Amino acid sequence: MTQTDVETAVPAQEAPTVRLRAEEVRLGYGERTVVDGLDLDVVAGTITAVIGPNGCGKSTLLRALGRLLKPSGGQVLLDGKRIDRIPTREVAKVLGLLPQAPTAPEGLTVGDLVARGRHPHQAWYRQWSADDEDAVAQALEWTGISDLAERPVDELSGGQRQRAWISMALAQGTDLLLLDEPTTFLDLAHQVDVLELVRRLHSEAGRTVVMVLHDLNLAARYADRLVAMREGSIVAAGEPAEVITEPLLAEVFGLAARVIPDPVAGTPLVVPIGGHSRTS
């Protein structure tokens, strides 16, 4: 067998499946443009974290990917189809979105909240079923809060509340989750707890996840891919080690820092340089 034959025999690597795509997207509120001409691919089977300073357009982008905000230019594609042309109920069967600091009606129990995730599967000819009951039970079990099903949501701790909202998204039966700052207002232990859950959903249940995060070290540890934004544009995208660099931290965040290996995970660890520790 010749060298040419060997090379020919090697199967071609399949291109990754893109679940969500933003093409030349322009986003804003009223006359104010926040994002202009942005392109982004979300690949199936990955955890993507969007990072950047406040006001750079992270949450605005996530809202557009979740069909909550219509672009004034460009388009968003879900599984190759324009998301604005897919019926809302059909989108909700595929894509689950957890917004920033969601609120539940006073007195609503965890079980009732999670059950609301089944609404996209309801119709006048199909009401609550055994499949719905199973989906809710499985979502509660996945997030470890089955014992809280009868508790009012407004009586839960911050970490428990986030798990309840993630349970609702899971009950939708979607395999694509968008999480807007899921660790906001949580202490460090609960932040890690929620992100460990996200990683389990990805590794054990095959969920594709896009999340907005502020903590760079947690983003680098828990995401397969980082997207760094500044002033409505993507500055860098790739694996954490490719994105979290000292020059990028200076450019995007205006932060003087050292980047060293995380002694536990081996991922990039950002160590800010304060005025008292500056060496040069």
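The values are calculated or read from the model by the stated rules, or taken from the named source; none is laboratory data. Keep in mind the model is a prediction, meaning the values are calculated, not measured. Every residue, glycine among them, receives a Cβ derived from its backbone with ideal geometry; neighbour counts consider all protein chains shown.
Among the numbered conditions (1) farther than 23 Å from Ser167 by Cα; (2) β-branched (Val, Ile, Thr); (3) crowded, with 17+ Cβ neighbours inside 10 Å, the only one that Val212 does not meet is (1). Filtered by the rule that a residue be touching a Gly at 6+ places or on another chain (Cβ under 7 Å), aliphatic (A, V, I, L, M) and assigned to a helix (DSSP H, G or I), the range 171-211 gives Ala171, Val194.
Residue check: is Gly159 over 20 Å from Val270 (Cα atoms), modelled with pLDDT under 90 and out of contact with any helix residue (DSSP H, G or I) (no Cβ under 9 Å at 6 or more places or on another chain)? No, not satisfied.
Here are Arg230, Arg221, Arg200, Arg225: which of them is farther than 27 Å from Ala256 by Cβ and of a type outside the set (A, V, I, L, M)?
Details: Arg230 fails: farther than 27 Å from Ala256 by Cβ; Arg221 fails: farther than 27 Å from Ala256 by Cβ; Arg225 fails: farther than 27 Å from Ala256 by Cβ.
The match here is Arg200.
Taken across the range 233-241, residues that are free of Cβ contacts under 8 Å to residues at least 40 places away in the same chain and touching a Pro at 6+ places or on another chain (Cβ under 7 Å) do occur, with at least one present.
Residues that are without any contact (Cβ under 8 Å) to a residue 24 or more places away in the chain number at least 2 in the following strands (runs of 3 or more DSSP E) confined to the range 10-92: 32-43.
Please determine whether any residue of the range 234-244 is farther than 23 Å from Ala22 by Cβ and either part of a strand (DSSP E or B) or of a type in the set (D, E, K, R) (or both).
Filtering the range 234-244 down to residues farther than 23 Å from Ala22 by Cβ leaves 241.
When the remaining residues are screened for being either part of a strand (DSSP E or B) or of a type in the set (D, E, K, R) (or both), the result is none.
No; the residues of the range 234-244 include none that is farther than 23 Å from Ala22 by Cβ and either part of a strand (DSSP E or B) or of a type in the set (D, E, K, R) (or both).
Cβ-Cβ distances below 6 Å connect the following pairs, each with a first residue in the range 188-203 that is on the phi < 0 side of the Ramachandran plot and among the β-branched types (Val, Ile, Thr), a second residue that is part of a helix (DSSP H, G or I) and buried (at least 18 other Cβ atoms within 10 Å of the Cβ), and a separation of six or more residues or different chains: Val194/Gln162. Looking for something touching a strand residue (DSSP E or B) at 6+ places or on another chain (Cβ under 8 Å) and of a type in the set (Gly, Ala, Ser) - is there at least one such residue anywhere in the range 152-172? Yes, because at least one residue in the range 152-172 is touching a strand residue (DSSP E or B) at 6+ places or on another chain (Cβ under 8 Å) and of a type in the set (Gly, Ala, Ser). How do the pairs read when you match residues in the range 95-120 that are touching a residue at least 60 places away in the same chain (Cβ under 8 Å) with residues anywhere that are of a type in the set (S, T, N, Q) and surrounded by 14 or more Cβ atoms within 10 Å (Cβ to Cβ), using Cβ under 8 Å and keeping only pairs 6 or more apart or on different chains? What qualifies is Leu95/Thr174; Gly96/Gln172; Gly96/Thr174; Gln100/Ser59; Gln100/Thr184; Ala101/Thr184.
Screening Gly107 on (1) touching a helix residue (DSSP H, G or I) at 6+ places or on another chain (Cβ under 9 Å); (2) modelled with pLDDT of 95 or more shows it passes everything except condition (2). Can you confirm whether the range 93-111 contains a residue that is part of a helix (DSSP H, G or I), within 17 Å of the chain's Cα centre (by Cα), closer than 12 Å to Leu178 by Cβ and of a type outside the set (A, V, I, L, M, F, W, C)? No, because not a single residue in the range 93-111 is part of a helix (DSSP H, G or I), within 17 Å of the chain's Cα centre (by Cα), closer than 12 Å to Leu178 by Cβ and of a type outside the set (A, V, I, L, M, F, W, C). Set side by side, the residues Lys81, Lys58 differ, and just one is more than 25 Å from Leu113 (Cβ to Cβ), within 14 Å of the chain's Cα centre (by Cα) and either surrounded by 15 or more Cβ atoms within 10 Å (Cβ to Cβ) or not acidic (Asp, Glu) (or both), which is Lys58.
Determine whether Arg163 is crowded, with 19+ Cβ neighbours inside 10 Å and closer than 30 Å to Ala44 by Cα. Write out each step before concluding.
Details: crowded, with 19+ Cβ neighbours inside 10 Å: yes; closer than 30 Å to Ala44 by Cα: yes.
Yes.
Entry remark, the range 258-270: residues being aliphatic (A, V, I, L, M) and at pLDDT 95 or above number 4 in total.
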